[in-house]
1. For the range 64-78, give me each residue that is under 15 Å from T31 (Cβ atoms), among the aliphatic types (A, V, I, L, M) and surrounded by 16 or more Cβ atoms within 10 Å (Cβ to Cβ).
2. Would you point out the residue of the range 79-114, among those that are surrounded by fewer than 17 Cβ atoms within 10 Å (Cβ to Cβ) and of a type in the set (V, I, T), that is farthest from G16 (Cα to Cα)?
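The values are calculated or read from the model by the stated rules, or taken from the named source; none is laboratory data. Fair warning: this is a prediction, and the values are worked out from it, not measured in the lab. So basically every Cβ, Gly included, is an ideal-geometry build from the backbone, and we count neighbours across all protein chains shown. These accessible areas exclude ligands, DNA and RNA; they are computed on the full protein's heavy atoms, side chains included. Shrake-Rupley method; radii C 1.70, N 1.55, O 1.52, S 1.80 Å.
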Amino acid sequence: QVQLVESGGGLVPPGGSLRLSCRASGIIFRTLTMSWFRQAPGKQRELVARITSGGSTDYADSVKGRFTISRDNAKNTVGLQMKTLKPEDTAVYYCNADRGGAEYWGQGTQVTVSS
C-alpha cells in the first residue's frame with residue numbers, strides 16, 4: 001500500500017521560512033517524479049514544484065527563487081524549503097508521487113503565513 005505522509009506545516013510570519021517533508025512508503029521511490037501542490041481556500045490546486053527521478057526541477061513562477069525542492073532517495077523523502085514566505089503562500093500543501101500514469105497523494109499539511 002502506497003503512503004505519502006507530509007510534515008512540517010504551521011504558522012509563520014511574512015518573510016519567514018518553513019520546511020516541508022514528505023515520506024513515501026510502499027513504492028520504489030527512486031523511480032518517481034515527486035511534486036508539491038498547494039490549494040488555497042476557494043482556489044484550484046496548483047503545482048508548486050516538481051523533481052524528477054533524475055533530479056531535474058521545475059517551479060511555479062510565483063515561488064521561483066524562494067522555494068527549493070529536493071529529494072533523498074535513501075530516506076524515501078522529498079522536501080520543500082520555503083523562504084521569504086508571503087501571505088499568498090497560505091494553503092494546504094500536498095505531496096504527490098507520479099509513477100508514469102498512476103498518481104498518489106498525501107493528506108496535506110497546512111501552511112499559514114500571517115502576522
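1. Once the filter is applied, which keeps residues that are under 15 Å from T31 (Cβ atoms), among the aliphatic types (A, V, I, L, M) and surrounded by 16 or more Cβ atoms within 10 Å (Cβ to Cβ), the range 64-78 yields only V78.
2. T112
Table: residues versus (1) in contact with a helix residue (DSSP H, G or I) (Cβ under 8 Å, 6 or more places away or on another chain); (2) at pLDDT below 95; (3) open to solvent by less than 70 Å² (accessible area, probe 1.4 Å).
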residue	(1), (2), (3)
V5	no, no, no
G15	no, no, yes
G26	no, yes, yes
R30	no, yes, no
S35	no, no, yes
Q39	no, no, yes
K43	no, no, no
E46	no, no, no
T52	no, no, yes
